[in-house]
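Report on one structure; see the data block that follows.
What follows draws every value from the coordinates through simple rules; no lab data is involved. None of the values given here were measured: they were computed from a predicted structure. Heads up, the Cβs are rebuilt from the backbone with ideal geometry, glycines too, and the neighbour counts pull from every protein chain shown.
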Protein chains: 2
Amino acid sequence: MGESGSGSQLIRLHEIRKACSACSLRELCLPVALDRKDTDELDRIVERSRPLRKGEKLCRPGQPFSAIYAVLSGCLKSSLLGHDGESQVIAFHLPGELVALDAIGSGSHPTAIEALETTSVCRIPFSQLEILSRKLPGLQHQLLRVMSKEIFDEHKLLQVVSRRTAEQRLAIMLINLSQRFGRRGLSRTRFRLPMSRLDLGNYLGLAPETTSRTFRRFVDQGLLKVTGKEVELLDLHALHGLTEEAGLPSRHARRC
Amino acid sequence: MGESGSGSQLIRLHEIRKACSACSLRELCLPVALDRKDTDELDRIVERSRPLRKGEKLCRPGQPFSAIYAVLSGCLKSSLLGHDGESQVIAFHLPGELVALDAIGSGSHPTAIEALETTSVCRIPFSQLEILSRKLPGLQHQLLRVMSKEIFDEHKLLQVVSRRTAEQRLAIMLINLSQRFGRRGLSRTRFRLPMSRLDLGNYLGLAPETTSRTFRRFVDQGLLKVTGKEVELLDLHALHGLTEEAGLPSRHARRC
DNA sequence: CGCATATTTGAAATAGTTCAAGTTGAGTGG
DNA sequence: CCACTCAACTTGAACTATTTCAAATATGCG
């Protein structure tokens with residue numbers, strides 16, 4: 001299922017480093033601690049497999065874990081299937097980001113990971129990565145850093161989904177995407193949403209109808225222009241403003 | 001701030017292993033791959049500092065990161081401070097669990113970590129842990145496992161907070177606590193909630209009033225008995241049943 | 001004992017969901 | 001190039017769980 005080694009080949013991490021200049025993958029191989037020679041070593045264990053077509057799955061829940069992946073192009077979504085058949089979108093993965101870090105702990109993939117468009121990834125066999133990490137202190141450090149950052153990001157997401165209005169959630173999401181696209185050298189104000197409104201709503205904890213209505217409200221307010229999945233942020237400043245406001249008064253937080 | 005090395009002393013991990021028989025800390029030092037000699041090595045880098053009093057902070061947001069911690073007794077809560085002063089409770093840490101894993105990535109603590117009652121922790125200097133990890137493959141593996149599990153748990157929490165009713169959230173929380181207490185050899189049906197209703201509600205994404213009302217509803221239904229922070233689960237089966245139900249119909253999830 | 005903080009309770013307000021009915025849009029085959 | 005189809009998306013209106021506001025009780029602690 002798109003995971004077979006067939007067609008896998010060595011890839012040049014150096015090129016990836018150039019391509020995505022500030023992403024997890026870069027963080028994994030580029031940091032000060034990792035020189036050219038080290039990167040070559042990492043390069044040797046990384047495999048590229050054939051691209052996934054839209055809708056194709058990188059892995060299914062329960063599948064045994066053997067490797068983590070880095071997105072080269074396209075977009076993935078990972079989602080957790082509920083006991084009762086509903087699914088919860090956990091994350092969207094853009095180029096340069098590492099995927100399946102949540103599978104290390106249990107030895108099997110907890111989430112389903114699916115391509116939202118034609119997507120190519122490279123496969124990093126975990127056992128080899130572990131061995132290499134012991135040889136390269138810089139790599140070990142970076143791996144821990146990336147995982148820690150993942151935990152932190154999750155915390156932030158929780159904060160977003162937990163106590164914010166629909167407008168704030170969408171604003172935060174748009175800004176987040178803007179930054180992620182921007183880091184890759186693409187426009188921060190005009191981009192194409194790789195995911196459906198349904199997935200987006202699911203991710204943000206909103207009904208698809210609410211997502212749609214919130215988009216429209218933003219358009220009416222002149223904050224953005226929307227044509228299908230194409231989005232243009234017209235007033236980044238105002239969007240930022242929205243996220244700053246308290247979602248709910250909340251009598252929490254007292255003493256410091 | 002309770003983090004100074006003063007009074008730190010060697011502790012016997014072997015004793016901790018006995019004390020908390022199925023927790024993160026145990027996972028960190030007990031797994032098959034780690035023998036007695038290895039554990040001794042780990043033991044040498046772990047420090048114990050004086051207990052934190054209720055309300056005392058283990059760390060504040062922004063504080064430079066130098067070590068992770070393991071809870072020995074008591075309870076900690078970590079929370080993220082919003083731009084606007086509100087705080088979002090991210091996690092509660094019971095004995096045996098590792099704390100501050102989200103700080104590795106940025107080099108400074110993103111969350112405030114505070115004692116909910118008198119709590120003792122041991123400090124594990126991160127740089128030494130990293131060095132030791134390279135020597136002990138089993139330790140490295142376990143560290144990654146624990147972090148991965150943290151990511152996974154976060155995903156689950158997100159699922160809880162995102163799309164479930166107040167009753168389901170509370171039921172899930174009570175069952176979760178029940179299991180965590182149970183693993184430590186305590187009663188699975190009678191325990192003391194270490195946190196306030198306010199913190200609990202905040203964690204679950206509910207107003208404190210809603211939390212209170214939901215408790216009352218459960219009591220009325222005969223699912224539990226509550227006396228202040230003391231809780232007795234009377235019908236664990238029914239609670240489980242609540243969590244299974246679909247929180248919201250949701251037209252998501254189609255093709256498999 | 002008495003203040004300060006937590007918790008509970010009731011009633012009103014509301015954001016968001018649900019349901020139901022369009023509308024759009026992309027792919028397909030004639 | 002035009003129907004035709006299926007799914008994604010949008011829109012409106014009614015509904016409801018949860019929040020908010022206000023105020024009464026507990027509870028803890030000095």
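Observations
- For peptide A:137-146, the mean count of partner chain Cβ atoms within 10 Å of a residue's Cβ comes to 4.
- Considering only A:Val146, A:Val160, A:Leu174, and ranking their Cα positions along the charge dipole of the stretch A:106-218 that arises from unit charges at the beta-carbon of Lys, Arg, Asp and Glu, the one farthest toward the positive end is A:Leu174.
- Label zone at A:Arg192, where the point sits 7 Å out along the Cα-to-Cβ direction: the stretch A:199-235 residues whose backbone N lies under 19 Å: A:199-200, A:225-233
- For B:104-113, mean number of other protein chain Cβ atoms within 10 Å: 4
- Inter-part distance where the stretch B:144-189 and the stretch B:72-118 are each reduced to a Cα centre, Å: 16
- Proximity of backbone amide H atoms, modeled 1.01 Å from N, is registered between A:Leu116 and A:Gly55, A:Cys75, A:Leu76, A:Lys77 at under 5 Å, excluding neighbours fewer than 5 places apart on the same chain.
- When the listed pairs A:Lys149/A:Lys229; B:Lys57/B:Lys229; A:Lys54/A:Lys229 are checked against a 24 Å cut-off, the alpha-carbon distance exceeds it for A:Lys149/A:Lys229.
- In plain terms, if you count all Cα to Cα distances in the stretch B:162-255 and split them into 10 Å steps from zero, the share in each step is 16, 49, 27, 7, 1 percent.
- Per-pair calculated FRET efficiency, R0 = 22 Å: A:Thr165 and A:Asp220 via Cβ, rounded to 0.05: 0.85
- Loop-located GluC sites (Glu not before Pro) across the stretch B:194-234 with a Cβ neighbour count of 12 or fewer within 10 Å are lacking, with loop assigned by DSSP.
- Nearby aspartates and glutamates by direct alpha-carbon distance to B:Lys77 (threshold 14 angstrom, same-chain neighbours under 8 apart not counted): B:Glu56, B:Glu97, B:Asp102, B:Glu114, B:Glu117, B:Asp199
- Distant-in-sequence amide H partners of B:Ile68 (H built 1.01 Å from N, under 5 Å): B:Ile124, B:Phe126
- Ranked by the mean number of other Cβ atoms within 10 Å per residue, highest first, peptides A:138-150, B:37-49 order as A:138-150, B:37-49.
- The phi-based Karplus calculation (6.51 cos²θ - 1.76 cosθ + 1.60; θ = phi - 60°) puts the 3J(HN,Hα) values of the stretch B:141-149 at 4, 5, 4, 5, 4, 4, 5, 4, 4 Hz, whole numbers, x for Gly and Pro.
- Quick note on the stretch A:128-170: its Rg to Rh ratio, both from C-alpha atoms and Rh being the Kirkwood radius, is 1.32.
- Peptides ranked, highest mean first, by Cβ atoms within 10 Å: ranges B:57-63, A:60-66, A:156-162: A:156-162, B:57-63, A:60-66
- Between B:Arg213 and A:Ser120, the simple spin-label model (points 7 angstrom out along Cα→Cβ) gives 5.5 nm.
- Using a cutoff of 8 angstrom between alpha carbon atoms and counting only pairs six or more residues apart, the relative contact order for the stretch A:87-232 works out to 22 percent.
- Normalised by the number of residues in the stretch A:162-255, the mean separation of alpha-carbon contacts (under 8 Å, six or more apart) gives a relative contact order of 36 percent.
- Neighbouring partner chain Cβ atoms per residue of B:159-167, average, 10 Å criterion: 5
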